[in-house]
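To start, the structure under review is shown below, and the notes come after it.
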Amino acid sequence: MITRRNLLAVTAGAAAFGAMPPRLAFSQEITEKTVFYDPDAPVLGNPKGDVTVVEFFDYQCPYCKKIHPMLEKVVRDDGNVRLVLKDWPVFGGASVFAAQAVLGAAQIGKYEPAMEALMKTTGKLTEEVVEKTLTGAGLTMKEIAAAVNEHSAKISGLLDRNYNQALAFNFAGTPSFVIGRTTFAGVLDEKGLKEAIAEARAA
């Protein structure tokens with residue numbers, strides 16, 4: 001759901017780091033390093049890119065799934081953008097399950113096929129749909145479950161940090177972005193995304 005406040009934020013943006021209240025920034029550890037360079041957060045695109053695009057998303061968010069191919073295309077065509085994907089499962093238990101499963105897949109080198117498979121789903125997710133989707137993508141739920149259990153502290157810690165960062169940025173829902181020093185709450189179209197990347201690069 002896009003609110004008027006979100007639409008205005010998409011149009012104008014907001015200072016991402018400089019405007020954070022110092023006490024909140026400290027308590028939530030909101031710094032460029034923690035947001036852009038969390039060692040546990042999946043990174044696509046160019047890992048050494050000169051601009052970082054951070055997306056907070058949910059596998060049940062229809063807007064996230066709709067713009068995902070465009071987001072990947074812009075990142076790929078640019079060639080010098082780091083895309084950091086931060087799971088923010090706001091649509092309930094199935095979203096949490098999906099996030100945990102894909103982050104578990106990441107631990108065995110299968111992040112992209114798992115993420116891409118769930119991004120292509122339509123409608124409401126259930127645990128059964130998530131398992132069927134990942135199995136259909138060639139993954140084994142037994143391996144994923146073992147990876148989630150083995151790395152449970154790492155995965156839960158990442159999800160907690162993502163959640164705290166999203167709240168600290170006053171995001172109301174998914175998708176939401178941090179690009180350079182600007183936040184964007186809501187959907188970005190291709191033109192808006194390219195402009196935001198160009199502005200971050202010029203800053």
Output the residue which, of all residues in segment 115-151 that are within 21 Å of the chain's Cα centre (by Cα), open to solvent by 60 Å² or more (accessible area, probe 1.4 Å) and not basic (Lys, Arg), is nearest to residue 71 (Cα to Cα). 122
Within segment 165-175, is there a residue that is in contact with an Asp or Glu (Cβ under 6 Å, 6 or more places away or on another chain) and crowded, with 20+ Cβ neighbours inside 10 Å? yes
Modelled with pLDDT of 90 or more and open to solvent by 70 Å² or more (accessible area, probe 1.4 Å): does that describe residue 47? yes
Touching a residue at least 12 places away in the same chain (Cβ under 8 Å) and touching a Pro at 6+ places or on another chain (Cβ under 9 Å): is that true of residue 107 in this structure? no
Answer yes or no as to whether residue 112 is free of Cβ contacts under 8 Å to residues at least 24 places away in the same chain, surrounded by fewer than 19 Cβ atoms within 10 Å (Cβ to Cβ) and under 18 Å from residue 55 (Cβ atoms). no
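The values are calculated or read from the model by the stated rules, or taken from the named source; none is laboratory data. Treat the numbers as computed from the prediction; the structure is a model and nothing was measured. Every residue, glycine as well, gets a Cβ built from its backbone with ideal geometry; the counts of neighbours run over all protein chains shown. Accessible surface is based on the protein model in full, side chains and every heavy atom, while ligands, DNA and RNA are left aside. Shrake-Rupley method; radii C 1.70, N 1.55, O 1.52, S 1.80 Å.
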